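The values are calculated or read from the model by the stated rules, or taken from the named source; none is laboratory data. The model shown is predicted, which means the values in this text are computed figures rather than measured ones. Here the Cβ positions follow ideal geometry from the backbone for every residue, glycine too, while neighbour counts run over all protein chains shown.
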Amino acid sequence: MFHEAWKITIITERTLEQKVSRLLMDMGCKGFTLFDVGGRGLHHFHAPVERGIAPEEFTEIQFEAILQNRERAESIARKIVQEFFDYYAGIVFLERVEVVRAERF
Amino acid sequence: MFHEAWKITIITERTLEQKVSRLLMDMGCKGFTLFDVGGRGLHHFHAPVERGIAPEEFTEIQFEAILQNRERAESIARKIVQEFFDYYAGIVFLERVEVVRAERF
Amino acid sequence: MFHEAWKITIITERTLEQKVSRLLMDMGCKGFTLFDVGGRGLHHFHAPVERGIAPEEFTEIQFEAILQNRERAESIARKIVQEFFDYYAGIVFLERVEVVRAERF
């Protein structure tokens, strides 16, 4: 009942929301989930760690999408880096997951 | 010090919050974490990708729970699908994690 | 192009935000991501499951950081438990991920 699949996570600036959404759907994602996030450090805006992050400073966005096909997940990751990460802060990574109802991914 | 465990993630409509919460606790989860999320595509409400998702449109909810016991995680995943996903949008998946203090999961 | 790395996740009380942030950066994390979360059960405040969690009750915080070095991720996990989890609610766990541009982690 459980099938191997690949979750791709993209964390980047909120201004890219529509561009990344469209890229995901264009490259064969059947869906994705969106989180409001904040952050610090190399991959984020360089706000000082000395003060807390107020909720209104959650200026970044995290996408998660699951794909049955490993090659497709890799292609999306590469494309995201090429298209956006020379100019915008962001990271992308893959994780192995197990899904129910594989035909949906 | 690190022990294998299984994280179950459930993404579904906010209206199911209490039902899913109760199912998780009834089936032996010792705790869970809750995220406000938005989304697009097959597993989500079919809002168009052409416009952004405003924070007030984060109408879905993501549960994460960790279980030491793989069979229990699988039972919960199956039960969630059977109980809810004929009628509600949602996905469920498992991931392998490593926890500290295994007796808490 | 994809390199193994380790994601550490810490879920704890919001009051620890600055302390955990500083510990992460001091112990060699190059960045981290922050989520507002709610929760129930052993690792969380003991709010009853019988009622829903309003967004203003998202009183906990989840940190995620990725490290190339497994030993460093383990050291951070141990340190978090020692420093905080005798007195505060919280959990910590590790997951294997695959990153692009490994030098950033």
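Selection of region A:66-75 for residues being under 12 Å from the mean Cα position of the chain (by Cα) and within 11 Å of chain C (Cβ to nearest Cβ) yields only A:ALA73. Taken across region C:93-101, residues that are modelled with pLDDT under 80, surrounded by fewer than 21 Cβ atoms within 10 Å (Cβ to Cβ) and within 11 Å of chain B (Cβ to nearest Cβ) do not occur at all. State all residues of region C:51-65 that are more than 9 Å from every other protein chain (Cβ to nearest Cβ) and either modelled with pLDDT of 95 or more or over 18 Å from B:THR33 (Cβ atoms) (or both); if no residue qualifies, say none. If the condition is that a residue be more than 9 Å from every other protein chain (Cβ to nearest Cβ) and either modelled with pLDDT of 95 or more or over 18 Å from B:THR33 (Cβ atoms) (or both), then C:PHE63 is the only one that fits. Taking the conditions (1) more than 20 Å from A:PHE93 (Cβ to Cβ); (2) at pLDDT below 95; (3) touching a Phe, Trp or Tyr at 6+ places or on another chain (Cβ under 9 Å) in turn, C:PRO48 satisfies each one other than (3).
Every condition in (1) modelled with pLDDT of 95 or more; (2) facing chain B (nearest Cβ under 10 Å); (3) loosely packed, with under 14 Cβ neighbours inside 10 Å holds for C:GLU4 except the one numbered (2).
For region C:1-45, the tally of residues that are closer than 18 Å to C:LYS79 by Cβ, of a type outside the set (Ser, Thr, Tyr) and in a helix (DSSP H, G or I) stands at 10.
Note on region C:82-105: residues that are in a strand (DSSP E or B) and under 14 Å from C:ALA65 (Cα atoms) amount to 8.
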